[in-house]
Amino acid sequence: MDSVFFWAMAGLATAFVGVGKGGLPVVGVLGVPVLSLAISPITAAGLLLPVYVLSDFFALYAYRASFNRRVLVILAAGGTLGVGSGWATASITPEWAVTALVGLIGVAFSMSLLLRKRDPAARSADVGRGVFWGALTGFTSFVSHAGGPPFQVYALPLRMEKLVFAGTSTMLFAYLNAIKLIPYAALGQFSPANLKVAVMLMPVAALSVYGGVRLVRLLPEKLFFQAVTWALLAISIKLIWDGARGAGVI
């Protein structure tokens, strides 16, 4: 982890994580795939978790007054179950299968949004659907830091105002990252070297979070959600590709 290429990929991955924490959650999904160009995906996931946590501190401050409490509580309850399930099945769950599944869900949902002829009425934040998608968010976040697409499937139809949407996402993933620390440590995903790299990347994370927050505030409401939807589609296609490659199909 001393090469110029590693640090270039680590810096870029951290920038994606920071922008994601700044209010565009699907962008953060790019972190692990980018860093995996330099090190193994498993090592990349473990190394980036401290970066996610450090970024959370800056993002939580930025969105401390902008979030939907009901949506957050429902998704956090489901997310806790999902993280627990991910921990319990860590030794038997093929990462490629989870990655491909998340990609397929994201493609189907984003295409349904892009192809519809008119905007439907806002959906209520019901508990049953929220716990289900929250659990899937927590599970996929634990396995590969790819909880963005399931979160979007539940949150986008609620039609929250953009800052509330971004803040709710920030609060949820900050919580999930915090509770992932114990199982990740138990699975041997942390090391002094990883923590040292995370601290060195902190300035990049802070600046990227600020950039993400600024971008969310500047984008018009309609353009913001269009960008989120297209980003969801692009990331989901990438996840399907990664899953197929992990399965040896391509």
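Dipole magnitude for the chain: about 700 debye, using +1 per Lys or Arg Cβ and -1 per Asp or Glu Cβ, origin at the Cα centre.
Here's the picture: charge each Lys and Arg Cβ at +1 and each Asp and Glu Cβ at -1 in region 4-246, and of Ala65, Gly246, Ala10 the one pushed furthest to the positive end of that dipole is Ala65. Ordering Ile74, Ile235 from the fewest to the most neighbouring beta carbons within 10 Å gives Ile74, Ile235. Would you be so kind as to identify which of Val83, Ile39, Phe190 lies farthest towards the positive end of the dipole of the chain, taking Lys and Arg as +1 and Asp and Glu as -1 on Cβ and the Cα centre as origin? Positive-end residue among those listed: Val83. What separates the Cα centres of region 180-250 and region 78-120 is a distance of 15 Å. With each label modelled as a point 7 angstrom along the Cα→C-beta vector, the Lys196-Ser40 pair spans 2.0 nm. Per residue of the chain, the DSSP helices (runs of n ≥ 4 H) give a summed -39500 (n - 2.57) that works out to -25500 deg cm²/dmol at 222 nm.
Residue separation of Val249 and Arg159 scaled by 0.36 nm, minus their Cα-Cα distance, works out to 28.6 nm of gained length. Once the mean of 1/r is taken over each pair of separate Cα atoms and inverted, region 24-135 shows a Kirkwood hydrodynamic radius of 16.7 Å.
Charged side chains reduced to their Cβ positions (Lys and Arg at +1, Asp and Glu at -1) give region 133-250 a dipole of some 160 debye around its Cα centre.
Excluding same-chain neighbours fewer than eight residues apart, the lysines reachable from Lys238 by a Cα-Cα span under 23 Å are Lys21. Calculated FRET efficiency, Arg64 to Ile237, Cβ-Cβ distance, R0 = 30 Å: about 0.30 to the nearest 0.05. Overall size of the chain from C-alpha positions, given as principal axis extents largest first: 51, 37, 31 Å. Would you be so kind as to identify which of Phe142, Val153, Ala174 lies farthest towards the positive end of the dipole of the chain, taking Lys and Arg as +1 and Asp and Glu as -1 on Cβ and the Cα centre as origin? Result: Val153, furthest along the dipole toward the positive end. From least to most packed, judged by other beta carbons within 10 angstrom and beginning with the fewest, Lys21, Lys196, Lys180, Lys162 follow the order Lys196, Lys162, Lys180, Lys21. Shown is the FRET efficiency for Leu218 and Ala77, computed with R0 = 30 Å from the Cβ-Cβ distance and rounded to the nearest 0.05: 0.35. Note: relative contact order over region 1-115, using C-alpha pairs below 8 Å and six or more positions apart, is 17 percent. For region 4-246, relative contact order (Cα pairs under 8 Å, six or more residues apart, normalised by length) works out to 39 percent.
No value in this document is a laboratory result; all are computed from the given coordinates. Quick caveat, the model's predicted, so the values are computed rather than measured. In this analysis, Cβ positions are derived from the backbone assuming ideal geometry, glycine residues included, and neighbour counts consider all displayed protein chains.
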